Amino acid sequence: MMQLIFSEFQDQLVRGLAHRMNNILSLFHGYLGLLMDDQKLNPVIKEGLTRVRDGACDASELMERINAVTRPASTLPREMEPADLFRQLAPTLQRLQTPNVNLTVECPEGLPSVCVDISRMKLAIVELVRNACEAAYSKVTVRVSVEKGAEQPELFPGGGSTHEGEQVKIEVIDDGAGIRPSDMSRIYEPFFSTKKKNQIAGLGLAVALGCAQEFGGTLRHRSNKGGATFDLTLPARAQRRLQAVA
């Protein structure tokens, strides 16, 4: 009981600190914007301010990802078909595609719905895809596929109308360098990263794992010299039938 209370206290503390830091960083962004709009600004000073702005942007992103690792104060799970979820995600995933990243997404219509907090699940998927896009320092191919997963005997926790044993699997595959055997047991640790030092890294997989577990799912991985694969699996849930009011 005390451990649960302490864990909740830690989450509240992190969320509070992240909120305060974001307020401070917002002031940085605002005043830097005003200074850099000055047409008479010395080019050397402007270059220095640009570096400060880039650092502030990195810090803002870091605060968002730290906040995402903690359990949110409240979530709003609702049923949603995977195809609808990925339609909403399309603009965000498109921004991850660069000249060095060949990204494809395959999500057919008609898959069983899942019961998730949409914003949290979007975050988990984006972090998995971002991790795959950063899997190589040169060109990389990333494929995201969604399909009905293998049947399991468990039911979705919490009752309700459920596809018994059915699952929805979101698979993210890259052809990068793969995961070193010595790193396999550490990749979900917050702030553990093998990426370049100038990248905001080390939180994405921890965020994705937390989101998967939050909604009764799992996150598993496998790797070889030809790349890595991450499977985010969620229990499928049938759409509730609305009762007609006589």
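Looking only at region 178-195, how many residues end up being hydroxyl-bearing (Ser, Thr, Tyr) and either within 20 Å of CYS133 (Cβ to Cβ) or surrounded by 13 or more Cβ atoms within 10 Å (Cβ to Cβ) (or both)?
Residues flagged as hydroxyl-bearing (Ser, Thr, Tyr) and either within 20 Å of CYS133 (Cβ to Cβ) or surrounded by 13 or more Cβ atoms within 10 Å (Cβ to Cβ) (or both) within region 178-195 amount to 3.
Among the residues in region 194-207, are any more than 22 Å from THR92 (Cα to Cα), part of a loop (DSSP other than H, G, I, E, B) and modelled with pLDDT of 85 or more?
No: region 194-207 contains no residue that is more than 22 Å from THR92 (Cα to Cα), part of a loop (DSSP other than H, G, I, E, B) and modelled with pLDDT of 85 or more.
Only residues that are closer than 19 Å to ARG143 by Cβ and touching a Phe, Trp or Tyr at 6+ places or on another chain (Cβ under 7 Å): list them for region 99-120, please.
VAL105, CYS107
If a residue counts only when it is closer than 21 Å to CYS211 by Cβ and at pLDDT 80 or above, which helices (runs of 4 or more DSSP H) contained entirely in region 1-118 have at least 1 such residues?
82-96
Give the residue that is farthest from SER223 (Cα to Cα), with candidates limited to residues of region 119-166 that are over 23 Å from the mean Cα position of the chain (by Cα), modelled with pLDDT of 50 or more and not in a loop (DSSP other than H, G, I, E, B).
GLU164
Going through ALA246, ALA228 one at a time, which residue ends up being at pLDDT 90 or above, over 17 Å from PRO112 (Cβ atoms) and aliphatic (A, V, I, L, M)?
ALA228
The values are calculated or read from the model by the stated rules, or taken from the named source; none is laboratory data. Fair warning: this is a prediction, and the values are worked out from it, not measured in the lab. Here the Cβ is made from the backbone with ideal geometry for all residues, glycine too, and neighbour counts use every protein chain on show.
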